[in-house]
Amino acid sequence: DLQQAMAVLRGADVDLPPQKTLAEPAALLRHLRATPTPGIYVLLDFHPFLNDPVHVRMIKDVAQGYDKTPITLVLLSHEVNVPQELEHLTARLKLGMPTRDERARVVHRVAQEWQNQNRRAVKIDSTALEHLVDNLAGLETPDTERLARQAIYNDGAVTMADMPDVLAAKYQLLNRSGTLSYEPDTAKFADIGGLARLRQWLVSRKPAFDGSAPRLDAPKGMMLLGVQGCGKSLCARAAAGILSVPLLRLDFGSLYSKWHGESEKNLRDSLRAAEGLAPCVLWVDEIEKALAGSGESDGGVSRRVLGTFLTWLADQRARIFVVATANDITALPPELVRKGRFDEIFFVDLPNRAARADIVTIHAHKRNVALSPQEAQALADRSEGFSGAELEQAIVAALYTSHSLQQPMSAAMIARELKATQPLSVVMGEQVAALRAWARDRTVPAD
Ligand code: ATP
């Protein structure tokens, strides 16, 4: 009977004449209970009325009268919570998203439509076409068609230049719960001083991630712990850059504050949206906040949310590389750092001398200031204990000085700023030492 119901739905395309005389749910169900006419009845958006015990009773009567009059009810809604007493009389069907072939057909149909209107052929780059069809995965047919139309109608062509817009539009559609953010800025590793081991690790995982080495297990993700301002966020961006996929950021903090009471559902929605946007890097910033309400004070919500996340992480098969970052190890639940959760746990420490020289060179260069290797080395010698963020700050401050003195910026100006700064590693020396001691047996150095 289910087969038959599905056939009706497919055939009808839900283009059924609405029943006007029986608009009241109770009247409608009463009619169905009494009618001698067998049939399949489609109830659109009936879900709010399932809360009423009288309706539930009548639906049960209809179902149990099937031997006498074969009537099948089909409830079509975005969400149907079937009351327990109807559960055993019900089969649930979730309509799948279009397959790859179906998506390809949609794109061809849209291209044809453009061709008919403009009387010339759509210019199609075959690699871009493959990407477009891949990128439309996870959307319903009308959305698939809309994005295909956007990509083709702007210039009568399918090219790689269409992809960022397609992904951004898709992200808008999928992220209705609003706890994911699409980060258009990925980074190149050339922008990062030090962290050579982390870079090498990522580069060596790329073939397994992009599928060019199918015999290797695809990497699931990494955790980055470390001293503030030493480049964890930068590494999340660089991971997306190295793997050449978009970067999505999931913010546990806002998951709780915005959606109190619905955190778990929203986490699921966000993860599903990320799956729709795969392949991608999913950056989970400040993952220690996953246990925001800590312990039982929030009725166990954050425990469940974290559990949901960890189960998803273990099971997910979409091409999603998770980068979790954390600052505060004391707030980190032990189950997160257990072996096997992530492929690797890296510790991002204060930069060593060579890395500091690179960092000052990179940030000076970004601001059109050239430092000689000797100057960079000399600045590195004077900045033991400085984080990357603090080195960058010293350069920014030196630029202000140069501007107010109306003199070209010099290494000496940067040196003066360094001298005037108390780095966090000194101000919070004990915490940094404790962090390093903790990390020694549990993590791998990122540099
Ligand atoms: P927090 O824990 O405070 O969020 P973080 O470890 O995530 O810090 P970032 O936000 O990545 O650090 O670093 C802040 C800024 O400092 C970066 O945007 C970058 O400009 C600079 N920076 C930090 N580390 C490095 C590095 N190794 N190479 C180049 N720049 C760096």
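The values are calculated or read from the model by the stated rules, or taken from the named source; none is laboratory data. Note that the structure is predicted; figures quoted are calculated from it, not measured. Positions of Cβ are backbone-derived with ideal geometry, glycine not excepted, and every protein chain shown enters the neighbour counts. All accessible areas refer to the heavy atoms of the entire protein, side chains included, with ligands and DNA or RNA removed. Shrake-Rupley method; radii C 1.70, N 1.55, O 1.52, S 1.80 Å.
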In whole Hz, the Karplus estimates of ³J(HN,Hα) for the stretch 179-185 (6.51, -1.76, 1.60; θ = phi - 60°; x where Gly or Pro) are 9, 9, 10, 8, 9, x, 8
Label model pair residue 113, residue 31: point-to-point distance (7 angstrom along the Cα→beta-carbon line) in nm is 3.5
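Could you work out what % of the accessible surface of the chain is carbon and sulfur, using a 1.4 angstrom probe and leaving DNA, RNA and ligands out of the count?
Carbon plus sulfur share of accessible area: 52 percent.
At 4 °C and 1.567 mPa s, what whole-number value in µm²/s does Stokes-Einstein give for the translational diffusion of the stretch 60-176, with Rh from the Kirkwood sum over Cα pairs?
76
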Burial-style ranking of 412-424, 229-241, 52-64, average other-beta-carbon count within 10 Å with highest first, yields 229-241, 412-424, 52-64
Treating every alpha carbon of the chain as one equal point scatterer without solvent, the Debye formula yields log10 I(q)/I(0) values at q = 0.06, 0.08 Å⁻¹ of -0.40, -0.66
In deg cm²/dmol, rounded to the nearest 500, the helical mean residue ellipticity at 222 nm of the chain, built from -39500 (n - 2.57) for every DSSP H run of length 4 or more, is -15500 deg cm²/dmol
Listed by chain and number, the aspartates and glutamates with an alpha carbon less than 16 angstrom from that of residue 419, same-chain partners under 8 positions apart left out, are 375, 381, 384, 390, 392
Taking a probe of 1.4 Å and leaving out DNA, RNA and ligands, the chain shows per residue an accessible area in Å² of 54
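Taking the Cβ-Cβ separation of residue 61 and residue 268 as r and a Förster radius of 30 Å, what is the calculated FRET efficiency to the nearest 0.05? Kindly include the intermediate steps, with their values, before the conclusion.
Working: r = 35 Å, r/R0 = 1.17.
With R0 = 30 Å, the Cβ-Cβ based efficiency is 0.30.
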